[in-house]
């Protein structure tokens, strides 16, 4: 008999929209399949989120430096 388990995690609205868009762009019909594949393939989802967060911080710092 098969069993399903639920994993929950929090994302902000911007992150959710990015996940949905990435899932659709990669041919997934739903976000859960996309997240499952990412999580099972080299834990890529954590890396993607960290890169996104770091990129946002770099952009903010760059704007602060340019604008004084």
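Computed from the coordinates by the stated procedures, all read-outs in this text should not be read as laboratory data. Only a predicted model underlies this, so the values are computations on that prediction, with no experimental measurement involved. Using ideal geometry, Cβ is built from the backbone for each residue, glycine included, and neighbour counts are taken over all protein chains shown.
Given the range 13-67, what whole percent of its Cα pairs are spread farther than 13 Å? Don't skip to the end; give the middle numbers.
On the way: 977 of 1485 pairs.
That tail contains 66 percent of the Cα-Cα pairs.
Using the beta-carbon distance between residue 37 and residue 61 and R0 = 35 Å, what value does 1/(1 + (r/R0)^6) give for FRET efficiency, to the nearest 0.05?
Details: r = 33 Å, r/R0 = 0.94.
Between residue 37 and residue 61 the formula returns 0.60.
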**Item:** Using alpha-carbon coordinates, inclination of helix 44-67 to the longest axis of the chain, degrees
**Value:** 10 degrees
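Multiply the residue separation of residue 16 and residue 4 by 0.36 nm, subtract the distance between their alpha-carbon atoms, and state the gained length in nm to one decimal. Display every interim value, and only then the final one.
Values: separation 12, 0.36 × 12 = 4.32 nm, distance 2.25 nm.
That works out to 2.1 nm of additional length.
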